[in-house]
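The values are calculated or read from the model by the stated rules, or taken from the named source; none is laboratory data. Just so it is clear, the model here is predicted, and its values are computed rather than measured. Note that we place each Cβ from the backbone using ideal geometry, even for glycine, and neighbour counts take in every protein chain shown.
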Amino acid sequence: MMKDPTARIATVERRGDYRLFSIETPEVAGRARPGQFLMIKVSSQPDPLLRRPISIHARENGRLEIFFQVTGRGTEILAGKDAGDTLDIIGPLGKGFSLDERLKGMRALCVGGGRGIAPIYFLAKELREIGALPVVLYGGKTAADIPLRAKFEEAGLPVLCSTDDGSYGFKGFVTGLAAREITSHLPAFLFACGPDAMMKAAARLAQSAGIPAEFSLESLMGCGIGACWGCVKRIRREGQEGWVKICEEGPVFPRSEIVWPEED
Amino acid sequence: MVDLSVDLGFLKLKNPVLAASGTFGYGLEFAPYLNLEKLGGFIVKGLYYGPREGNPPPRLVETPSGLINAIGLQGIGVDAFAAKVLPKLKGLDTSVIVNVCGETEEEYVRVVEFLNGLEGIAAFELNISCPNVRQGGACPALDPGTTFRLVKAVKRTSRLPIITKLSPNVTSIAEIAAAAEEAGADAISLVNTFLAMAIDVGTRRPKLANVFGGLSGPAIKPIALRMVYQVASRVKVPVIGIGGISSGADALEFLLAGARAVEVGTANFVDPDASLRVVREIGEFCERHGIQRVEELIGKLEIG
């Protein structure tokens, strides 16, 4: 982990609410692993005050890529940046997905919902590097919410899509698609990133199929480096439950450790 | 070469900048981002006697130029601190200060008793002002009598100097400071966070699970500065200024108002090397203005 106050935005792609930036930051890029994230300063002014946690989407030709959705003031300011602008970033932070050599030759379902697809691209590519067989399941509300579909296809990664309204691919939630895939061809592992409700449903699927799984959790973060204790989630280890900082010990956790919140 | 050192009487700091408790982890988290030995010192996260679970999330809300937190002093307790953290800190050439917490007067005393004999701790900062661990934001520092009794009890036990950290959530903070001084506090640090809240208008729910939290960051700096000025005008013991400091200029305002040192807090979240930047900017200011010793600036506010 390191700070790069002069990471240069090389290219910017805009698709509705979504942005894809490629960033020149050779040292951070060199250390990055799928599932890790950056803390990005969006403003040099004190408002908005905090950096924003943004997951690492890809490493292509030595550049890091981020893919994010405008969801509030911070990401709105970030979305306004252009090629040639510099970003002040800290990274790579956190612990990423397990890239276990034992997955070689094995099918691994990589499930991404909405903007949660971001780290799944990096993950699927690295899984393929170690000889695993990633299958990407990509869900969005409508066809407009799955803007990365073509990118997966161009990379030669098998990708199946779902939309809540059926405007593209499987009609329904991406977990419905995952259930179908698990039934038709049992994978050795499941990875997921997306809204809590989606991941909780995916965790249930993995549990009933008896396959190991990992989930990338999301939270507001104060610092991203383990200093503020603001980003905790409920984690169970050796029978003991507690609040664990996801910036430091996550954001990726195995299914067996996550205590999902009850629905309101 | 500017002399940045400041003398608190009981402790000489190589410069007036400390990293504030609750914003600097146990110090080690920041080692990748700055040389800890370049700081005047740092104050580790508040310690209760045992490990403490903290509050349920959401624990943070960002507000204009500010941050409301309701962490609830989650922490590892004195045993784990002594076994796992302190051995890594004790060789450092900087002042390590431990922030001491307690549910009761007895617990504060037990924490101090446990840590008293350990090598590598320069002083204790008595945390009597966290708004997130008792019902409705209550804390001992809201009352001069409670403050007096608690400081007195800890002073009787402690072999190290006691810095008492005050709450701004009072009518007259100078009165609380005077009570702490009378009870024997070696220094006063202020301010802890301002009791605050935020509401999600869509769900009509508080944005923090704890409902209330403590506001920090640049938003509170002017009020903190006023309080530091009032306290420094009232007490004779050294005052350490805290509240929204994120630049050398911010720190200099507090020194002019009478603080002998400052703590950098929320800025550490934004820039892990913020405290060091404050040190550097103080030095640059002194050089530009031909000030040879930073101590020359303390309390030199000119009014009228």
Residue check for A:Asp88: more than 22 Å from A:Glu249 (Cβ to Cβ), in contact with a strand residue (DSSP E or B) (Cβ under 8 Å, 6 or more places away or on another chain) and modelled with pLDDT under 95: no
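I'd like the residue in region A:47-105 that is part of a helix (DSSP H, G or I) and among the acidic types (Asp, Glu) and, out of all such residues, is nearest to the chain's Cα centre (by Cα). Step through it out loud before you land on a result.
Restricting attention to region A:47-105, the residues satisfying the condition of being part of a helix (DSSP H, G or I) are A:73-79, A:101-103.
Filter once more, keeping what is among the acidic types (Asp, Glu): A:76, A:101.
Numbers: A:Glu76: 19, A:Glu101: 21 Å.
So, considering only residues that are part of a helix (DSSP H, G or I) and among the acidic types (Asp, Glu), the one nearest to the chain's Cα centre (by Cα) is A:Glu76.
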Among the residues of region B:172-209 satisfying the criterion of being crowded, with 23+ Cβ neighbours inside 10 Å and not hydrophobic (A, V, I, L, M, F, W, C), which is farthest from B:Phe124 (Cα to Cα)? B:Thr193
For A:Val111, state whether it is part of a helix (DSSP H, G or I), under 20 Å from the mean Cα position of the chain (by Cα) and buried (at least 24 other Cβ atoms within 10 Å of the Cβ). no
Test set (1) at pLDDT 95 or above; (2) closer than 17 Å to B:Gly72 by Cα; (3) part of a helix (DSSP H, G or I) - B:Ala141 fails condition number: (1)
Among the residues that make up region A:13-30, is at least one of them closer than 17 Å to A:Arg73 by Cα, within 14 Å of chain B (Cβ to nearest Cβ) and among the acidic types (Asp, Glu)? no
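Which residues, counting only those in region B:1-21, are in contact (Cβ under 8 Å) with a residue 24 or more places away in the chain and assigned to a strand (DSSP E or B)? Full working, then the answer.
Looking only at region B:1-21, we keep the residues that are in contact (Cβ under 8 Å) with a residue 24 or more places away in the chain, and these are B:2-11, B:13-21.
Within region B:1-21, B:Asp3, B:Val6, B:Asp7, B:Leu13, B:Val17, B:Leu18, B:Ala19 qualify.
Of the residues A:Ala192, A:Ala201, A:Ala150, A:Ala178, which is assigned to a helix (DSSP H, G or I) and within 16 Å of A:Val135 (Cβ to Cβ)? Walk me through it before giving the result.
Values: A:Ala192 fails: assigned to a helix (DSSP H, G or I); A:Ala201 fails: within 16 Å of A:Val135 (Cβ to Cβ); A:Ala150 fails: within 16 Å of A:Val135 (Cβ to Cβ).
The conditions single out A:Ala178.
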Residues of region A:232-251 being among the hydrophobic types (A, V, I, L, M, F, W, C) and either part of a strand (DSSP E or B) or within 8 Å of chain B (Cβ to nearest Cβ) (or both), in sequence order, are A:Val232, A:Ile235, A:Trp243, A:Val244
Criterion: within 19 Å of the chain's Cα centre (by Cα) and buried (at least 21 other Cβ atoms within 10 Å of the Cβ) - qualifying residue of B:Leu89, B:Leu73: B:Leu73
Of all residues being over 20 Å from the mean Cα position of the chain (by Cα) and crowded, with 20+ Cβ neighbours inside 10 Å in region B:264-296, which is farthest from B:Asp3 (Cα to Cα)? Just the residue, please. B:Cys286
Odd one out for A:Ser256, checked against (1) closer than 28 Å to A:Pro92 by Cα; (2) exposed (fewer than 15 other Cβ atoms within 10 Å of the Cβ); (3) within 14 Å of chain B (Cβ to nearest Cβ); (4) of a type in the set (S, T, N, Q): (3)
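Condition check: surrounded by fewer than 19 Cβ atoms within 10 Å (Cβ to Cβ) and either at pLDDT below 95 or within 21 Å of A:Glu27 (Cβ to Cβ) (or both). Does A:Lys125 satisfy that?
On the way: surrounded by fewer than 19 Cβ atoms within 10 Å (Cβ to Cβ): yes; either at pLDDT below 95 or within 21 Å of A:Glu27 (Cβ to Cβ) (or both): yes.
Yes.
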Matching residues, region B:260-291, being under 21 Å from B:Phe194 (Cβ atoms), in contact (Cβ under 8 Å) with a residue 40 or more places away in the chain, touching a strand residue (DSSP E or B) at 6+ places or on another chain (Cβ under 7 Å) and assigned to a helix (DSSP H, G or I): B:Asn268
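From the set of residues in region B:3-52 that are of a type in the set (S, T, N, Q) and touching a strand residue (DSSP E or B) at 6+ places or on another chain (Cβ under 8 Å), which is farthest from the other protein chains (Cβ to nearest Cβ)?
So in region B:3-52, the residues of a type in the set (S, T, N, Q) come out as B:5, B:15, B:21, B:23, B:35.
Next cut, touching a strand residue (DSSP E or B) at 6+ places or on another chain (Cβ under 8 Å) only: B:5, B:15, B:21, B:23.
On the way: B:Ser5: 27, B:Asn15: 21, B:Ser21: 11, B:Thr23: 6 Å.
Within region B:3-52, the match that is farthest from the other protein chains (Cβ to nearest Cβ) is B:Ser5.
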Cβ-Cβ under 6 Å pairs, at least 6 apart or on other chains, region B:127-139 side farther than 17 Å from B:Pro206 by Cα, far side polar (S, T, N, Q): B:Asn127/B:Asn99; B:Ser129/B:Ser167; B:Ser129/B:Asn192; B:Cys139/B:Ser129; B:Cys139/B:Ser167
May I ask you to list the residues in region B:189-224 that are closer than 20 Å to B:Glu253 by Cα, away from chain A (no Cβ under 12 Å) and among the small types (Gly, Ala, Ser)? B:Ser189, B:Ala224
Can you tell me which residue within region A:114-144, out of those that are farther than 14 Å from A:Phe97 by Cα and part of a loop (DSSP other than H, G, I, E, B), is farthest from the chain's Cα centre (by Cα)? A:Gly131
Collect the residues in region A:204-221 that are part of a helix (DSSP H, G or I) and either crowded, with 19+ Cβ neighbours inside 10 Å or touching a Gly at 6+ places or on another chain (Cβ under 8 Å) (or both), keeping them in residue-number order. A:Leu205, A:Ala206
Name the pairs: first residue in region A:38-62 and within 14 Å of chain B (Cβ to nearest Cβ), second residue among the aromatic types (Phe, Trp, Tyr) and in a strand (DSSP E or B), Cβ to Cβ under 6 Å, at least 6 apart or on different chains? A:Pro53/A:Phe37
Just to be sure, is B:Phe81 within 13 Å of chain A (Cβ to nearest Cβ), surrounded by 19 or more Cβ atoms within 10 Å (Cβ to Cβ) and aromatic (Phe, Trp, Tyr)? no
Identify the residue in region B:240-262 that is in contact with a Lys or Arg (Cβ under 9 Å, 6 or more places away or on another chain), surrounded by 21 or more Cβ atoms within 10 Å (Cβ to Cβ) and over 16 Å from B:Leu301 (Cβ atoms) and, among all such residues, is farthest from the other protein chains (Cβ to nearest Cβ). B:Ile240
Take the residues of region A:200-219 that are in contact (Cβ under 8 Å) with a residue 40 or more places away in the chain and aliphatic (A, V, I, L, M): which is farthest from the other protein chains (Cβ to nearest Cβ)? A:Ala206
The condition of being part of a strand (DSSP E or B), more than 9 Å from chain A (Cβ to nearest Cβ) and either touching a residue at least 60 places away in the same chain (Cβ under 8 Å) or not basic (Lys, Arg) (or both) holds, among B:Val61, B:Val96, only for B:Val96
